[in-house]
Amino acid sequence: MGPSQKPNVCCRLSRRALGFFSRDAGVVQRTNLGILRALVCQESTKFKNVWTTHSKSPIAYERGRIYFDNYRCCVSSVASEPRKLYEMPKCSKSEKIEDALLWECPVGEMLPNSSDYKSSLIALTAHNWLLRISATTGKVLEKIYLASYCKFRYLSWDTPQEVIAIKSAQNKSSALARQAGIQQPVLLYLAVFHVLPFSLIGILEINKKIFGNVTDATLSHGILIVMYSSGLVRLYSFQAITEQFMQQKLDLGCACRWGGTTGTVGEAPFGIPCNIKITDTPPLLFEVSSLENAFQIGGHPWHYIITPNKKKQKGVFHICALKDNSLNENLPTVTASGRVVKKSFNLLDDDPEQETFKIVDYEDELDLLSVVAVTQIDAEGKAHLDFHCNEYGTLLKSIPLVESWDVTYSHEVYFDRDLVLHIEQKPSRVFSCYVYQMVCDHGDEEETTNRSCKKDCGNFKF
């Protein structure tokens, strides 16, 4: 008989967090995460590259699931080798999924169907259908036809796990229209929905006649953010806009007469009319100028982060108080390149001649700052992922990545509990995925279980 399989630490901790060993799941969960953090950072713990795969279509990762072929194929990353969860039927180019978000069950809400309590993938197709797909089986649970008057392309959370915003591609005037001096007044559309069950809030048009020479717009936490080529960023209340400018309340699945046409809202070919049309400039909440429209807001009390609107300041961020625009002297200037990243009164500093920081992220569950540092050796770069104490900045763990790191390629690195995942985009749209898992090295377990899955991974292909 072979060696008995060791219990998976994360699975055991998750069972405890769900109340298998205690009635107070919240306290146990926090304790579990403290245990996991100690396991991650202890000297005997290693992260080994357990499998690698390559694809000619984009690769996406979300909470233990790796998506291939425009989200058509879903693979579990919580295994020492790839395990396919589902594969949806092949579809035409017009039906492919262009963007997706993972929705997870809300707490304390009664939902109409038992399937609603399981995770779903909210997906946007190339031909303007909004789908809700089971995250475990790939079955389509709901579908909504958006519209034919624009091309919707991007999905984002307005309010995480509650409200989604779907942004269209920007309207471009034809060459003949530009020669004739005819301007396309509508830049883009934003469709906004409550999720599970789907309910329509409205579709808003961003019109240059109202906002001026706007270059982009988005929705976040109930705030309409409008951007200009000069670097100006303006904020408006989306709720105030809907209350003032909604032409007609629309309900999915209900009959509607609009512009001389009758149809069912959310079904093809009628879709959803644009029912929020701003006819006058809405009240301005706030405006600021920032290089390349770089702007983030949050914290308590409210602060915002901008880059001073000068080219020589690129990569520098200022943290300012929202109430009076004052620069917070207690939170120093931070540079994006990693030259200086300050946590409290401690410093993380790289040496540009030897090593540079490429990706800095925060793992909220384990309260760790993760930093990808790259060392250039001749023509080849080597990277390692470092974990720092978020409170003091102390280096706690360094994980070498076995694959080379080309700084000219696009890279994403995810650290998710006992998993490290590196997605790389090479020229000619070749994508690679490297999966690392946490193992406890006791000296007699030196065998590396690295499985290369370049085209054929197990019994399925990407």
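If you take the residues in region 287-317 that are among the hydrophobic types (A, V, I, L, M, F, W, C) and more than 15 Å from S229 (Cα to Cα), which one is most open to solvent (accessible area, probe 1.4 Å)?
W302
With the structure loaded, tell me whether L395 is closer than 22 Å to S77 by Cβ and either free of Cβ contacts under 8 Å to residues at least 12 places away in the same chain or buried (at least 19 other Cβ atoms within 10 Å of the Cβ) (or both) or whether it fails that test.
Answer is no for this residue.
So L200 fits all but one of (1) in a strand (DSSP E or B); (2) in contact with a helix residue (DSSP H, G or I) (Cβ under 9 Å, 6 or more places away or on another chain); (3) aliphatic (A, V, I, L, M); (4) closer than 30 Å to E142 by Cβ; what number is the exception?
With respect to (1) in a strand (DSSP E or B); (2) in contact with a helix residue (DSSP H, G or I) (Cβ under 9 Å, 6 or more places away or on another chain); (3) aliphatic (A, V, I, L, M); (4) closer than 30 Å to E142 by Cβ, L200 is out only on (2).
What do you reckon, is G259 open to solvent by 10 Å² or more (accessible area, probe 1.4 Å) and either without any contact (Cβ under 8 Å) to a residue 12 or more places away in the chain or of a type outside the set (K, R) (or both)?
Numbers: open to solvent by 10 Å² or more (accessible area, probe 1.4 Å): yes; either without any contact (Cβ under 8 Å) to a residue 12 or more places away in the chain or of a type outside the set (K, R) (or both): yes.
Considered against the rule, which asks whether it is open to solvent by 10 Å² or more (accessible area, probe 1.4 Å) and either without any contact (Cβ under 8 Å) to a residue 12 or more places away in the chain or of a type outside the set (K, R) (or both), G259 comes out as yes.
Only one residue in A17, A60 is farther than 16 Å from Y436 by Cβ, of a type in the set (G, A, S), crowded, with 18+ Cβ neighbours inside 10 Å and modelled with pLDDT under 85, so which one is that? Give the derivation first.
Working: A60 fails: modelled with pLDDT under 85.
None of the other options fit; the residue is A17.
Just to be sure I understand, how many residues within region 107-163 are in contact with a Pro (Cβ under 8 Å, 6 or more places away or on another chain) and outside any strand (DSSP E or B)?
Final tally of qualifying residues: 7.
Would you check which residues across region 84-124 are over 23 Å from the mean Cα position of the chain (by Cα) and more than 24 Å from K167 (Cα to Cα) and list them? Let's see the steps before the verdict.
Going through region 84-124, the residues over 23 Å from the mean Cα position of the chain (by Cα) turn out to be 89-94, 108-115.
Of everything in region 84-124, those that are over 23 Å from the mean Cα position of the chain (by Cα) and more than 24 Å from K167 (Cα to Cα) turn out to be P89, K90, G108, E109, M110, L111, P112, N113, S114, S115.
Which of the strands (runs of 3 or more DSSP E) contained wholly in region 418-462 include at least 3 residues that are surrounded by 12 or more Cβ atoms within 10 Å (Cβ to Cβ), of a type outside the set (A, V, I, L, M, F, W, C) and at pLDDT 90 or above? First the steps, then the outcome.
Values: elements: 419-426, 430-440, 451-453.
It comes to 419-426, 430-440.
Among the residues of region 239-290, which ones are in contact with a helix residue (DSSP H, G or I) (Cβ under 7 Å, 6 or more places away or on another chain) and among the hydrophobic types (A, V, I, L, M, F, W, C)?
Within region 239-290, I276, I278 meet the criteria.
Among the listed residues S237, S220, which satisfies the condition of being without any contact (Cβ under 8 Å) to a residue 60 or more places away in the chain and in contact with a strand residue (DSSP E or B) (Cβ under 8 Å, 6 or more places away or on another chain)?
Answer to the check: S237.
If you go through region 381-396 one residue at a time, do you hit one that is out of contact with any His (no Cβ under 7 Å at 6 or more places or on another chain) and aliphatic (A, V, I, L, M)?
Here is the first cut: in region 381-396, the residues out of contact with any His (no Cβ under 7 Å at 6 or more places or on another chain) are 381-393.
Checking which are aliphatic (A, V, I, L, M) leaves us with 383, 385.
Checking region 381-396: at least one residue is out of contact with any His (no Cβ under 7 Å at 6 or more places or on another chain) and aliphatic (A, V, I, L, M).
Identify the residue in region 188-227 that is of a type in the set (D, E, K, R) and over 27 Å from E267 (Cα atoms) and, among all such residues, is most open to solvent (accessible area, probe 1.4 Å).
Top of the filtered list is K209.
Name every residue in region 236-258 that is closer than 23 Å to H221 by Cα and of a type in the set (D, E, K, R), in order of residue number.
Result: E243, K249, D251.
Inspect all residues belonging to region 28-51 and state whether any of them is of a type in the set (G, A, S), over 18 Å from L419 (Cα atoms), open to solvent by less than 60 Å² (accessible area, probe 1.4 Å) and assigned to a helix (DSSP H, G or I).
no
Any residue in region 363-392 that is over 25 Å from Q29 (Cα atoms) sitting within a Cβ distance under 6 Å of a residue that is open to solvent by 40 Å² or more (accessible area, probe 1.4 Å) and outside any strand (DSSP E or B)? List the pairs, counting only those 6 or more apart or interchain.
That search, which allows pairs on different chains as well, returns A373/E355; T375/E355; G381/V407.
Among what's in region 262-280 and is open to solvent by less than 20 Å² (accessible area, probe 1.4 Å) and assigned to a loop (DSSP other than H, G, I, E, B), pick the residue that is nearest to P185 (Cα to Cα).
Top of the filtered list is I278.
So A169 passes all but one of these: (1) surrounded by fewer than 17 Cβ atoms within 10 Å (Cβ to Cβ); (2) at pLDDT below 95; (3) touching a Phe, Trp or Tyr at 6+ places or on another chain (Cβ under 9 Å). Which condition number does it fail?
(2)
Only one of these conditions is not met by V371: (1) part of a strand (DSSP E or B); (2) more than 20 Å from K426 (Cβ to Cβ); (3) open to solvent by 60 Å² or more (accessible area, probe 1.4 Å). Which number is it?
(3) is the only condition that V371 fails.
Which one is most open to solvent (accessible area, probe 1.4 Å) among residues in region 233-256 that are of a type in the set (V, I, T) and not in a strand (DSSP E or B)?
Looking only at region 233-256, we keep the residues that are of a type in the set (V, I, T), and these are 233, 241-242.
Cutting the leftovers down to not in a strand (DSSP E or B) gives us 241-242.
Values: I241: 2, T242: 24 Å².
Result: T242.
Give region 107-164 a look and list any residue that's closer than 25 Å to I66 by Cβ, open to solvent by 10 Å² or more (accessible area, probe 1.4 Å) and acidic (D, E), or say none.
Listed by number, the list holds a single entry, E142.
Considering only region 176-187, I want to know if a residue exists there that is in contact with a strand residue (DSSP E or B) (Cβ under 8 Å, 6 or more places away or on another chain), touching a residue at least 24 places away in the same chain (Cβ under 8 Å), assigned to a helix (DSSP H, G or I) and open to solvent by 20 Å² or more (accessible area, probe 1.4 Å).
Among the residues of region 176-187, not one is in contact with a strand residue (DSSP E or B) (Cβ under 8 Å, 6 or more places away or on another chain), touching a residue at least 24 places away in the same chain (Cβ under 8 Å), assigned to a helix (DSSP H, G or I) and open to solvent by 20 Å² or more (accessible area, probe 1.4 Å), which makes the answer no.
The values are calculated or read from the model by the stated rules, or taken from the named source; none is laboratory data. This one's a predicted model, so the numbers in the text were calculated from it and none came from an experiment. All Cβ positions, glycine included, derive from the backbone under ideal geometry; neighbour counts span all protein chains shown. Ligands, DNA and RNA are excluded from the accessible area calculation, which covers all protein heavy atoms including side chains. Shrake-Rupley method; radii C 1.70, N 1.55, O 1.52, S 1.80 Å.
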